[in-house]
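To keep things clear, I will list the structure first and then write my remarks on it.
Any read-out appearing in this document is the output of simple, stated calculations on the displayed coordinates, not a laboratory observation. Small disclaimer: the values here were computed from a predicted structure and weren't measured. With ideal geometry, Cβ positions are generated from the backbone for all residues, glycine too; neighbour counts draw on all protein chains shown.
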Amino acid sequence: MSVKRTSIHGQWSSHWVFILAVTGSAVGLGNIWRFPYMVGESGGGAFVLLYVICVLLMGIPIMMAEILLGRRGRQSPVNTMRVLAEEEGLSRHWQLLGLMGMIAGFLILSYYSVIAGWTLAYIFRTGAGVFEGASADTTIKIFNELVSDPEKLLAWHTVFIVMCTVVVSRGVKSGLEQAVCYLMPALFALLLIMVGYAMSTDKFVEGLVYLFVPDFEKLAGNFREVFLNASGHAFFSLSLGMGAIMIYGSYLPDRASIFGTTMIIATADTVVALLASIAIFPIVFTYGLEPASGPSLIFITLPIAFGQMPGGAFFGTLFFFLVMIAAWTSGISLLEPAVTWLVENKGLTRIKATTVSGLVVWLLGICTILSFNHWAFSFNFFGLTKENGLFDIFDIITANFMLPIGGMLMAIFVGWRMARQSSRDELKVNEKIYRIWWFTIRYIAPAGVLLICLQAVGVL
Ligand code: PHE
């Protein structure tokens, strides 16, 4: 039975806008900030390879499942899961999946916003030319000065949260369409310029080898951790498992092809992450920096390049501006599931719902801010020292566990609990693709997540 619902929150004007919006959600700090530092912490090529495998075997099929759930339910993730479960004669408890997603969204945005605040701060620092001719010592010092000042971090965090709430309160369509349409290609072009700079360094080839030639010996000792990080990051980077894609899917016109759009989005997301890394690692090696320096990695490496290249202040400002835009279009998608739920279930206006959610996230963000200074503590995570207490804990819990488990439950719902005809109606792909997808969503994707999580907590 094909179900026709309409969303009370609106619809994208075309499937192209949907592609742009989901790409806007997917491409963000995850690609430019998180991916390179995860690669660095995990020792290079092996992580990249595992990441690509996770995108292919879990990310793409689960993204298709999440979009189809959203389009079929056409409500906030909590209500979509409830309605679809009832329709299939299943327990209403499936709506808890939407609730977990909302909580994950709050937690992620709370630290995401603080890091986005760093990029805001760096727009001004590069613009003022502070990095001209800077050595690695100088860029490290400038970074440490920023993160050791909670007041500055709070100010930038506040600016970013306000930016997100303003867009979400007006409805994701207005403003967002233009932002993604022009600025994403600009970000892409700028990444190419950065890659051009990296090519001019002596260590370009060394950087490429580091990224693309997996060193399995290095992997032997910490396979569990690298695998957990690679799969977690696949979910994080594709915005999966928490309802962001589900809610965007709920605004998708009926005719649009879910398979085609998913392939475009996943490819764009992966290419951006790879380009960012190709730009960064040659600089890391040229200046003798530590690949495993963690969340500070892009903020200490790229400014060196901007300090050296002609027109660096201009390109640097533009670069951090575009990263900020990429973060912005992701930030709003982290808020959208909770806001739509508050509108549907609590009867709030969109503006009120956004204000409440924004406030919760803003408060939570203070934990991350203090993790880089007064509340900093370190702990051991699979042999890796994590130095920024609560920030690292939020990041590990959400990206490595909540998102993959959310994605796994979606896969189970679609693959095992929903009538096969329902997913077939929604996907409308040819039989061969459908069969491959069906097999992956039923067996590979859920088993993959389960295996990785059990391994991580030491059961396997
Ligand atoms: N995908 C975004 C990024 O890579 C982050 C994100 C995660 C957005 C989960 C929405 C949901 O930056």
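Against the 2.2 N^0.38 Å scaling, with N counting residues, where does segment 248-356 land? I'd like the Cα-based Rg ratio to two decimal places.
1.49
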Over the Cα atoms, compute the radius of gyration (one decimal) and Dmax (the largest Cα-Cα distance, rounded to a whole number) for segment 354-452, in Å.
19.6, 57
Apply the Karplus curve 6.51 cos²θ - 1.76 cosθ + 1.60, θ = phi - 60°, to the phi angles in segment 311-317 and return the couplings in whole Hz, x for Gly and Pro.
x, x, 5, 5, 5, x, 4
Kirkwood Rh in Å, taken over all unlike Cα pairs in segment 1-98:
16.0 Å
Per residue of segment 210-226, what does 6.51 cos²θ - 1.76 cosθ + 1.60 with θ = phi - 60° give for ³J(HN,Hα)? Whole Hz please, x for Gly and Pro, Karplus curve as stated.
4, 7, 10, 10, x, 9, 5, 5, 4, 6, 3, x, 10, 4, 4, 5, 5
Placed amide H near Met309: partners under 5 Å, 5+ positions off or other chain
none
Taking the square root of 5 times each eigenvalue of the Cα gyration tensor, what semi-axes in Å does the equivalent ellipsoid of the chain have, largest first?
35, 24, 21
Taking Cα centroids, how far is segment 367-420 from segment 204-276 in Å?
16 Å
Go through 287-299, 238-250, 323-335 and give me the packing order, highest mean Cβ count within 10 Å leading.
238-250, 323-335, 287-299
Determine the gain in length on full extension of the stretch Arg435-Leu384; use 0.36 nm per residue of separation and subtract their C-alpha separation, reporting nm with one decimal.
14.3 nm
For segment 1-42, what is one quarter of the convex hull surface built on the Cα atoms, given in nm²?
5.4 nm²
Relative contact order as a percentage, the chain, C-alpha pairs under 8 Å and 6+ apart, gives 35 percent
Cα-based Rg and Dmax for segment 287-420, in Å, come out at 19.8, 60
Note, segment 363-371: 3J(HN,Hα) by Karplus (6.51, -1.76, 1.60, θ = phi - 60°), whole Hz, Gly/Pro = x, goes 5, 4, x, 4, 4, 5, 3, 6, 5
Using a Förster distance of 51 angstrom, determine the FRET efficiency expected from the C-beta separation of Lys352 and Ala292, and round it to 0.05.
0.70
